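Colleague: First the structure, which I've put down as structure tokens, then a few questions once you've had a look.
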Amino acid sequence: MCDRELDPEIIEAIQVYDPTTFPGGKYPEPLVAQPKLDQLQLMLAEQIDAEATDGCPCDPDGVCPHGHPSWLVVIPDIWG
């Protein structure tokens, strides 16, 4: 997991569905393995907390305090 929290103003400026709004102009590289399909389904059904690409809990359509987006946002971008 990331240990450096971003400035709240940066977090506020991030538009999670637009990777160009992230620092560096793209989604940060994932720090943990992509969840399995059954875990993603549970996240979608809100039966478990959504997970950011660094392993932190986050809103299903949000970012963690370290600026990593939810897997539920990134996966559609990965799959095209």
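Nothing in this text is a laboratory measurement; each read-out follows from the coordinates by a stated rule. Here the structure is a predicted model, which is why all the values come from computation and not from measurement. Counting neighbours? That spans all protein chains shown, and the Cβs are built from the backbone with ideal geometry, glycine included.
Colleague: Given the peptides 62-74, 40-52, arrange them by the average over their residues of other C-beta atoms within 10 Å, most packed first.
Modeller: In decreasing order of mean packing, 62-74, 40-52 become 62-74, 40-52.
Colleague: What's the long-distance tail for the chain, i.e. % of Cα pairs beyond 20 Å?
Modeller: Roughly 24 percent, rounded to a whole number.
Colleague: Once amide H atoms are placed 1.01 Å from N in the peptide plane, what residues at a sequence separation of 5 or more from I48, or on another chain, have their amide H within under 5 Å of its amide H?
Modeller: M43
Colleague: What's the extension gain from L42 to T21 if we count 0.36 nm per residue and subtract their Cα-Cα distance?
Modeller: Value of the extension gain: 4.8 nm.
Colleague: Considering the options Q15, G25, V63, tell which one lies farthest towards the positive end of the dipole of the chain, charges being +1 on Lys and Arg and -1 on Asp and Glu at the Cβ, about the Cα centre.
Modeller: G25
Colleague: Per residue of segment 30-47, in order, report the coupling 6.51 cos²θ - 1.76 cosθ + 1.60 (Karplus, θ = phi - 60°) as ³J(HN,Hα) in whole Hz, putting x for Gly and Pro.
Modeller: x, 9, 10, 5, 4, x, 6, 4, 5, 5, 5, 5, 5, 4, 4, 7, 6, 8
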